[in-house]
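Beneath this line is the structure, given in structure tokens, with notes to follow.
Bear in mind these aren't lab numbers, they're just calculated from the coordinates by the rules spelled out. The structure presented is a predicted model; accordingly, all values stated were derived computationally and were not measured. Backbone-built Cβ (ideal geometry, glycine too); neighbour counts: all protein chains shown.
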Amino acid sequence: MKKTVCLIGRPNVGKSTIFNRLIGQKKSIIDDMPGVTRDRIYGEVEYNNKNFLLIDTGGIDMGHDNFNEDIKLQAMLAIDESDIIVFIVDGKENLTSNDYKIRDLLMKTDKKVIVCVNKLDNEKRQNDIYNYYELGFETILGVSASHNLGFNELLENITASFPLTSKVDDNILKFCIIGRPNVGKSSLINALLNENRAIVSNEAGTTRDATDTKFRYNNQDYIVVDTAGMRKKGRIYENIEKYSLVRSLKAINESDVCVVVIDAQEGIVEHDKHIISYAIDAHKALVLVVNKWDTVEDANTAIKKWKQLIASELQFIPYVNIVFLSALKKKRIHMLMPEIIKAYESYTKELKTSLLNNVIIDAVNLHNPPSYKGKRLKIYFTSQTATMPPKITFQVNNKKLVHFSYERYLENKIRENFDLTGSPIILQFKNKNDKQ
């Protein structure tokens, strides 16, 4: 599993800017997707053939209102799950009581802590870095997020003990089982493996760690990853379900296919959408499982209602197949692996260039792109430029003329002509005369 690093600090010290610098792209704090609105808190960082998962946390204010308690809870989970903690302070201000309280929190962990003093964008401030040794940590580094200074040294310190990126078992289909606590993930693992490997309990949070298991199905090797729902640690963790994503994020990033488990008794809740959206962000293939199907009365009517519910609540993944099963009773389990394999085949599929161009030409002839200020989008050539997931690149006259509705139309036409069930596809538009 990838190493994990979390960013911790009080509000307004520049954590989001540092986060964006480290992941190498600008991610907005709030992402609007149909049916999903949530914090963006993670990214993947690559540096010198080493990579790790980066977790951002909300600014910790040691106030006593519910919002601050939730932020503190999220931060404590991130600390617990991380290999290295980057404690960010503001180099333009004196240390505050909040900084010292966060320091006291971090002193209780055995994890390596790097103090990152932000906003040190001139020589005088660089000299002031020695003032921060009073926090009591060994490693103090200065950066300027706004000027992109000091990040190589920061990354060198973060990754010093990290292993080089490994491609072990790269050709084996690897899938993870993700979902809210107590939806039956461990029971599903046991049913697939036909053994009681995982701890199964009605108490949410009994699975502690994400673990890989290799098994054979129809004479082929596969790897399944079980993910912990949460870890209980006293009363402060009573509402931890909202922040149970850290281990799932690791598993998602390591997998080809994500099997999202939903509880047939509880229906679709907001947190189910959150978990699905993380798999979408990571561009992974998906299979949806509605578990505990043995508790449903009149299965035929229930399936119709569930399909309508999924179409309404999860309209942002119309390409995903659904499996209704009971992991505990081992009913309809045989339907799951074929869907996982199908999703993986879509995920790795290579589309023939001539056929792809024919589909796009027909799509344009059937429905011309809308004009904008007297200009109209022209598509000159289309080709697949990557797999896992399939990435389709369009050479066009002006990519700024691509309207999101027309992009969606083109994706629908591609899906109508090529079976890409279970896999996302990425559409990329490049100006014909731009340098590659």
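Modelled this way, with points 7 Å down the Cα-to-C-beta line, the labels at A386 and N412 are 2.6 nm from one another. Give, as ranges by residue number, the residues of the range 77-103 whose backbone N falls under 15 Å from the point 7 Å along Cα→Cβ of N131. Answer for the range 77-103: 89-97, 99-100. Full extension of the chain between Y372 and I426 gives 17.1 nm of extra length, using 0.36 nm per residue less the Cα-Cα distance.
Here's how it looks for G142: its modeled amide H is under 5 Å from those of V117, which are all 5 or more places away or on a different chain. Let a ≥ b ≥ c be the square roots of the eigenvalues of the Cα gyration tensor of the range 384-436; is it rounded (a/c under 1.5), or, if not, prolate (a/b larger than b/c) or oblate? Judged from the Cα gyration tensor, the range 384-436 comes out oblate (a/c at least 1.5, b/c at or above a/b). Modelled label positions at N357 and T96, each set 7 Å beyond Cα in the direction of Cβ, lie 6.0 nm from each other. Only Lys, Arg, Asp and Glu carry charge here, each on its Cβ (+1 for the first two, -1 for the last two); on that basis the range 324-376 has a dipole of about 280 debye about its Cα centre. For N321, the amide hydrogen comes within under 5 Å of the amide hydrogens of L288, G422, counting only partners 5 or more places away or on other chains and with H modelled in the peptide plane.
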